[in-house]
1. Of all the residues that make up the stretch 227-247, how many are touching a residue at least 60 places away in the same chain (Cβ under 8 Å) and crowded, with 18+ Cβ neighbours inside 10 Å?
2. Could you identify the single residue in 178, 185 that is of a type outside the set (A, V, I, L, M, F, W, C) and buried (at least 16 other Cβ atoms within 10 Å of the Cβ)?
3. Go through the stretch 241-284 and give me each residue that's modelled with pLDDT of 90 or more and either farther than 28 Å from residue 189 by Cα or charged (D, E, K, R) (or both).
4. If I filter the stretch 71-92 down to residues being in a loop (DSSP other than H, G, I, E, B) and out of contact with any strand residue (DSSP E or B) (no Cβ under 8 Å at 6 or more places or on another chain), which single residue comes out as nearest to residue 129 (Cα to Cα)?
5. Could you grab me the full set of residues in the stretch 123-148 that are modelled with pLDDT of 85 or more and either within 23 Å of residue 88 (Cβ to Cβ) or exposed (fewer than 11 other Cβ atoms within 10 Å of the Cβ) (or both)?
6. Which ones in the stretch 27-67 are surrounded by fewer than 14 Cβ atoms within 10 Å (Cβ to Cβ), in contact with a Lys or Arg (Cβ under 8 Å, 6 or more places away or on another chain) and under 22 Å from residue 80 (Cβ atoms)?
7. All but one of (1) touching a residue at least 60 places away in the same chain (Cβ under 8 Å); (2) more than 29 Å from residue 156 (Cα to Cα); (3) of a type outside the set (Phe, Trp, Tyr) hold for residue 204, so report the exception by its number.
8. Tell me, please, whether a residue that is at pLDDT below 90 and surrounded by fewer than 10 Cβ atoms within 10 Å (Cβ to Cβ) can be found in the stretch 208-226.
Amino acid sequence: MSQTFKPFISVGIDGAADFSEMAIALPSQQFLDKKTFRIYHLKPDSLAAAVEKIKKAEELHSMKAHIFMESTGIYHYPLFCYFKQAELDVSVINPLITNSNKNLTIRKVKNDKFDAQKIALMGLNPNLKVSNMPEELVMNFRNLTREYYHLSDIRASYVLKLGAQLRIAFPQFKGIFSNLTGKTSLMVLKEYPSPENLLQADPDELTNKIAISSRRKLSTAKKKYDQLIQAATQARTFGSGVPTNFYLIQEFISFIEFYDNKMDSSTDDFSCRRKPRRTLHRAG
């Protein structure tokens, strides 16, 4: 059994960084005001006036108001929450939907005021697909995921920079380890950044370090040591490193390790803060 459709007032919000434009449309597709109402996000009086204007429209026309906001990345979210806290009905529209609706009775120009009116008219369509903001846990997950991939992109840029410096100064090194930024590979480059450093290293000490870092047998570490020495020897013939190359190699490694730690610790720190306090029950 289908529910009876009840007419409602449609409030269109076109959001920006510091302010939003608001238009209020009646079921007849007529606007409550010819001009849109500008909401200044950082002015409490302006926010309160917007809520009051919507509630007065509800009382005047004896209809419920539904607010529709276009998703604008992060800009619409604080205003969405403000309307929710004011116990108003508010939904979010995907920008792809608003962009596909070009046949509305609004001039086809890019303007915040006209966009707010366009959204208000779209809201009158009972079949309009809208979404509500996700729960807090989902928002937290999204925030951390965005930051994780942002840090990952920065880290990847330093991996490329590290590879470029090695290709100039120590091209033979890149084929020795399957993962250039693996634990053992970075350990070797940090402590022996140049071919000459490797050739001057104590064989037993370096072999032990490789074994400990890679958690391999000494025999396996010795093979890796032999490969490193062979590569360092060949670099004397084919390789043109100057001091700044080896300096940058160590600098880029420090940046890579920094972002590795940030990506690991950010989610761990948040998880620890979110854990509920455990209650210990003692017997007896």
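The values are calculated or read from the model by the stated rules, or taken from the named source; none is laboratory data. This one's a predicted model, so the numbers in the text were calculated from it and none came from an experiment. Every residue, glycine as well, gets a Cβ built from its backbone with ideal geometry; the counts of neighbours run over all protein chains shown.
1. If we filter the stretch 227-247 for residues that are touching a residue at least 60 places away in the same chain (Cβ under 8 Å), which is where we start, we get 231-232, 234-235, 238-242, 245-246.
This time we only want the ones that are crowded, with 18+ Cβ neighbours inside 10 Å, so: 231-232, 235, 239, 241, 245-246.
Looking only at that region, the number is 7.
2. Details: 178 fails: buried (at least 16 other Cβ atoms within 10 Å of the Cβ).
Just a single option satisfies the conditions, and that option is 185.
3. Going residue by residue through the stretch 241-284, those that are modelled with pLDDT of 90 or more are 242-261.
Correct list: 251, 257, 260.
4. Here is the first cut: in the stretch 71-92, the ones in a loop (DSSP other than H, G, I, E, B) are 71-75, 86-88.
Add one more test, that the residue is out of contact with any strand residue (DSSP E or B) (no Cβ under 8 Å at 6 or more places or on another chain), and what stays is 73-74, 86-87.
On the way: 73: 18, 74: 20, 86: 23, 87: 21 Å.
Ranking the candidates gives 73 first.
5. Hits for the stretch 123-148 are 123, 124, 125, 128.
6. 64
7. Among (1) touching a residue at least 60 places away in the same chain (Cβ under 8 Å); (2) more than 29 Å from residue 156 (Cα to Cα); (3) of a type outside the set (Phe, Trp, Tyr), the lone unmet condition for residue 204 is (1).
8. Taking the stretch 208-226 as the starting set, the residues that turn out to be at pLDDT below 90 are none.
Within the stretch 208-226 (the criterion being at pLDDT below 90 and surrounded by fewer than 10 Cβ atoms within 10 Å (Cβ to Cβ)), the answer is no, since none of the residues qualifies.
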